[in-house]
Amino acid sequence: MSSVRTRIPPSPTGYLHVGNAWAAFFNWLFARRHGGRVVLRIEDTDPTRSSPEYERAIYEDLRWLGMDWDEGPDVGGPYGPYRQSERTELYREAAEALLRAGAAYPCYCTPEEIEQERQRALAERRPYRYSGRCRTRPEQEIRALRAAGVRPALRLDVGRFHDPAWSSGWLERRREEGGPERLYVVVHDLIRGEVAFALDELDDFIVVRSDGTALYNFANVVDDHGMRITHVLRAVEHLSNTPRQVLLYRALGWEPPQFAHLPVLVGPDRRKLSKRHGDAALREYRDELFLPEALRNFFALMAWYPEDGREIFSTEELVRRFDLSQVGRASPVFDRQKLVWMNGEYMRRALREDPERVVELVAGYLVRHGLLPGPPTSDQRVYVRRVVEVLGERIKEGSDVLRYGDFFFLDLPRYDPQAVEAYLRGEQAAAVLRLAREVVQVVEPYRADTLEGALRSAAAERGLSMRAMVHPVRVALTGKTVGPGLFELMELLGREQVLRRLEYGELLCRSAQAPV
């Protein structure tokens, strides 16, 4: 399949969201699997919402995810333009071709006339389909409407396809049990198998608005044909558009591409993923320290089910092994917990193979959350690196940096009131912290191992368990009950900071209220 050509068609009306990125990745993966080409097309036909800023963000987000393309607005190619706003003349030419072929007709119906038809259908309890009145509107009326300056829309004449001369060889005649013979548009979907649509359930749909702008189905057909697209992988929500698009291809004398309709992503509650329900912008995951290789791996395993049941794949393995026949029809769950786990796997690998990359990511995260005042100095980078080493495998996503390590960058920790109530109350807890402070003041050298040995010895001399020592000290130093190794974090905080926090912890032990 060296001639495979897929397309990624985002709209620059907002940031790229997970659902769109997932579909884009499958198009990329399929093309790369078969040595084909990927076309990036910007569908910017909504001038009120489209913006160059969002278009730039699309390029940035797709490249961050690790995807490239062979043709597009920014890289050029032989079948452009690659922005729909620059393809108006191509749509006009295709519309004229439909008129010349007798496959379309001008529609002068007003919104009021259409609404009257809708109301009649509602009163008669039948689904609304356009009556086709303009197909036979008297010429005298048409001349009068033109003279009055009324600009028509353009409708496809679906009824024309009942003529064998128009449908022979690709529309199928079928007879349902007990019913009449009907014509069907049959789509051989690469994921869903054969899907049949009755021709008489399709009305004469508009392809060009009265202002001359092409509607979605028409523009997509003209673009996909003009850009030589061979395979259209898209969400199953577009399945209902497919018979109309097939009719347009046939009316224009073009061969349709192959279609594959991906299942709908859902959340853990089985509701469709949407911008209002879990479908966050892709860059939000980037900002939360999710690694692109983890997202690629996670995306691939939503709806693709490799036979061996493995879960961790390099991108090279994904490209080599991806098989569209192993993509299921059932809606995959976008399980964020699974993504966090997978990101943790890749984060551990990055810590081993490229720790400076993790340092850079964590430093940027700290800047965004106000824990560093700006781009880190060389000394701050060294400190951040040591924090990353101490936090280690606890870092699975950005929030883990705050959950387990924000205290490294604060003058005083953000104390968890429940932790304070549990471990920093009363004279006994104050005595433990005072003992710890006495040890810290004199221990030499000031290292994790010597700190641990000195505190263990001091606890044993006074008949204290290490548990009784560790918990109050941890809460005083970090504000939390869980986190990285106590003695490692003490070494990193430094003697002066540890002494100050132990002293503050003593004050909390005698305070009436936990800090807010």
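Summary table
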quantity	calculated
Restricting region 124-162 to residues that are within 19 Å of V207 (Cα to Cα) and of a type in the set (V, I, T), the residue that is least open to solvent (accessible area, probe 1.4 Å)	V158
Looking only at region 178-220, and only at residues there that are among the basic types (K, R) and in contact (Cβ under 8 Å) with a residue 40 or more places away in the chain, the one that is nearest to T230 (Cα to Cα)	R192
Every residue from region 437-454 that is under 13 Å from V470 (Cα atoms) and within 49 Å of the chain's Cα centre (by Cα)	L451, E452
Unmet criterion (only one of (1) on the phi > 0 side of the Ramachandran plot; (2) touching a residue at least 24 places away in the same chain (Cβ under 8 Å); (3) not hydrophobic (A, V, I, L, M, F, W, C)) for D157	(1)
Subset of region 408-420 (residues that are outside any helix (DSSP H, G or I) and touching a Phe, Trp or Tyr at 6+ places or on another chain (Cβ under 9 Å))	L412, P413, R414
R49, sole failed condition from (1) open to solvent by 10 Å² or more (accessible area, probe 1.4 Å); (2) modelled with pLDDT of 95 or more; (3) of a type in the set (D, E, K, R)	(2)
Any hit, region 343-352, residues being of a type outside the set (S, T, Y) and touching a strand residue (DSSP E or B) at 6+ places or on another chain (Cβ under 8 Å)	no
Failed criterion for M67 (all others in (1) hydrophobic (A, V, I, L, M, F, W, C); (2) over 25 Å from the mean Cα position of the chain (by Cα); (3) open to solvent by less than 30 Å² (accessible area, probe 1.4 Å) hold)	(2)
Residues being open to solvent by 20 Å² or more (accessible area, probe 1.4 Å), over 27 Å from E117 (Cβ atoms) and not small (G, A, S) - total across region 182-221	6
Members of region 259-298 found to be under 15 Å from E345 (Cβ atoms) and either within 12 Å of the chain's Cα centre (by Cα) or of a type outside the set (A, V, I, L, M) (or both), listed by number	F290, P292, E293, L295, R296, N297, F298
Qualifying residue in region 65-81 (condition: free of Cβ contacts under 8 Å to residues at least 60 places away in the same chain, in contact with a helix residue (DSSP H, G or I) (Cβ under 6 Å, 6 or more places away or on another chain), assigned to a loop (DSSP other than H, G, I, E, B) and among the hydrophobic types (A, V, I, L, M, F, W, C))	yes
Qualifying residue in region 246-258 (condition: β-branched (V, I, T), touching a residue at least 60 places away in the same chain (Cβ under 8 Å) and farther than 25 Å from L339 by Cα)	yes
All helices (runs of 4 or more DSSP H) inside region 320-396 with 1 or more residues being of a type in the set (K, R) and surrounded by fewer than 13 Cβ atoms within 10 Å (Cβ to Cβ)	336-353, 355-368
Every pair of residues 6+ apart whose Cβ atoms lie under 7 Å, when the first sits in region 393-405 and is in contact (Cβ under 8 Å) with a residue 60 or more places away in the chain and of a type in the set (K, R) while the second is surrounded by fewer than 23 Cβ atoms within 10 Å (Cβ to Cβ) and assigned to a loop (DSSP other than H, G, I, E, B)	R394/P484
Meets criteria (closer than 23 Å to Y404 by Cα and modelled with pLDDT of 95 or more) for L499	yes
Scan of region 421-451 for residues that are open to solvent by less than 70 Å² (accessible area, probe 1.4 Å), of a type outside the set (V, I, T), closer than 20 Å to R462 by Cα and assigned to a helix (DSSP H, G or I), ordered by number	Y423, G426, A429, A430, A431, L433, L435, A436, R437, L451
Candidate set: region 397-420, residues that are surrounded by 16 or more Cβ atoms within 10 Å (Cβ to Cβ) and among the hydroxyl-bearing types (S, T, Y); chosen: the one nearest to F487 (Cα to Cα)	Y404
Filter result (more than 16 Å from P47 (Cβ to Cβ) and surrounded by 15 or more Cβ atoms within 10 Å (Cβ to Cβ)) within region 82-97	Y82, L90, A94, A95, A97
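The values are calculated or read from the model by the stated rules, or taken from the named source; none is laboratory data. For clarity, every value in this text was computed on a predicted model and none was experimentally measured. Using ideal geometry, Cβ is built from the backbone for each residue, glycine included, and neighbour counts are taken over all protein chains shown. Keep in mind that these areas ignore ligands, DNA and RNA; they rest on the heavy atoms of the full protein, side chains included. Shrake-Rupley method; radii C 1.70, N 1.55, O 1.52, S 1.80 Å.
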